[in-house]
1. Being under 24 Å from residue 188 (Cα atoms), at pLDDT 95 or above and within 15 Å of the chain's Cα centre (by Cα) narrows it down to one of 69, 55, so name that one.
2. Could you tell me whether any residue of the range 94-113 is under 22 Å from residue 155 (Cα atoms), out of contact with any strand residue (DSSP E or B) (no Cβ under 7 Å at 6 or more places or on another chain) and assigned to a helix (DSSP H, G or I)?
3. Among the candidates 179, 192, 102, single out the residue that is modelled with pLDDT of 95 or more, over 22 Å from residue 57 (Cα atoms) and surrounded by 15 or more Cβ atoms within 10 Å (Cβ to Cβ).
4. Of all residues in the range 139-149 being touching a residue at least 40 places away in the same chain (Cβ under 8 Å) and surrounded by 15 or more Cβ atoms within 10 Å (Cβ to Cβ), which is farthest from residue 182 (Cα to Cα)?
5. Given the conditions (1) free of Cβ contacts under 8 Å to residues at least 60 places away in the same chain; (2) out of contact with any helix residue (DSSP H, G or I) (no Cβ under 7 Å at 6 or more places or on another chain); (3) surrounded by 15 or more Cβ atoms within 10 Å (Cβ to Cβ); (4) not in a loop (DSSP other than H, G, I, E, B), and given that residue 174 satisfies all but one, which numbered condition is not satisfied?
6. Just one of the numbered conditions (1) touching a helix residue (DSSP H, G or I) at 6+ places or on another chain (Cβ under 7 Å); (2) within 19 Å of residue 143 (Cβ to Cβ); (3) touching a residue at least 40 places away in the same chain (Cβ under 8 Å) is not true of residue 43; which one?
7. In this structure, is residue 74 buried (at least 21 other Cβ atoms within 10 Å of the Cβ), under 25 Å from residue 139 (Cα atoms) and in contact with a strand residue (DSSP E or B) (Cβ under 7 Å, 6 or more places away or on another chain)?
8. Can you find even one residue in the range 65-80 that is part of a loop (DSSP other than H, G, I, E, B) and on the phi < 0 side of the Ramachandran plot?
């Protein structure tokens with residue numbers, strides 16, 4: 001395979017480059033002669049995490065070269081946002097992408113909880129990368145409101161989504177593909193993490209990731 005193919009993996013919220021999915025794709029792509037770059041999207045400052053700051057990190061990581069993006073959950077939403085703004089993105093693989101990210105947060109908190117978060121400035125969240133609770137700032141919600149819930153990117157996309165996903169409803173991906181013929185949705189009998197489906201996901205995305213056209 002081409003040594004010049006650039007692939008970036010964008011991990012999910014409160015995750016890290018050491019996530020199981022990130023390392024799985026790194027190993028599989030390395031066996032194909034392709035390096036996977038996995039930037040830390042919080043850059044060690046989870047408290048001040050925002051969509052804007054993460055898009056800037058992605059931009060620095062991609063440089064000026066064409067790139068393929070793999071994104072999980074919030075990383076999938078970020079991949080979609082970035083692809084909508086950058087023609088250097090060739091194609092994307094999205095794993096349970098967190099479309100409607102702002103709504104996902106605000107719909108699960110009542111008005112008092114949101115107000116308390118705003119007044120306190122931060123709330124504790126379990127960080128899977130650090131394996132402990134760490135604070136996340138209210139700026140995450142304020143900044144997320146600035147971004148479209150359904151990024152309108154034209155590049156080809158494969159979307160994998162569990163039909164038992166309790167964090168991001170599969171209906172969000174179904175709604176997206178209804179309006180985006182460039183995207184293909186593969187529903188899986190799994191939950192949000194999809195870690196029990198990784199071999200299946202690889203089998204169905206390998207050629208697409210490496211630039212081989214898939215039959216419709």
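The values are calculated or read from the model by the stated rules, or taken from the named source; none is laboratory data. None of the values given here were measured: they were computed from a predicted structure. Don't worry about glycine lacking a Cβ; one is built from the backbone with ideal geometry, like all the others, and counts go over all protein chains shown.
1. None of the others qualify; the one that does is 69.
2. yes
3. Of 179, 192, 102, the one residue that is modelled with pLDDT of 95 or more, over 22 Å from residue 57 (Cα atoms) and surrounded by 15 or more Cβ atoms within 10 Å (Cβ to Cβ) is 192.
4. The qualifying residue farthest from residue 182 (Cα to Cα) is 139.
5. (3)
6. Tallying (1) touching a helix residue (DSSP H, G or I) at 6+ places or on another chain (Cβ under 7 Å); (2) within 19 Å of residue 143 (Cβ to Cβ); (3) touching a residue at least 40 places away in the same chain (Cβ under 8 Å), residue 43 fails exactly one: (3).
7. Spelling it out, it is not the case that residue 74 is buried (at least 21 other Cβ atoms within 10 Å of the Cβ), under 25 Å from residue 139 (Cα atoms) and in contact with a strand residue (DSSP E or B) (Cβ under 7 Å, 6 or more places away or on another chain).
8. Yes, some residue in the range 65-80 is part of a loop (DSSP other than H, G, I, E, B) and on the phi < 0 side of the Ramachandran plot.
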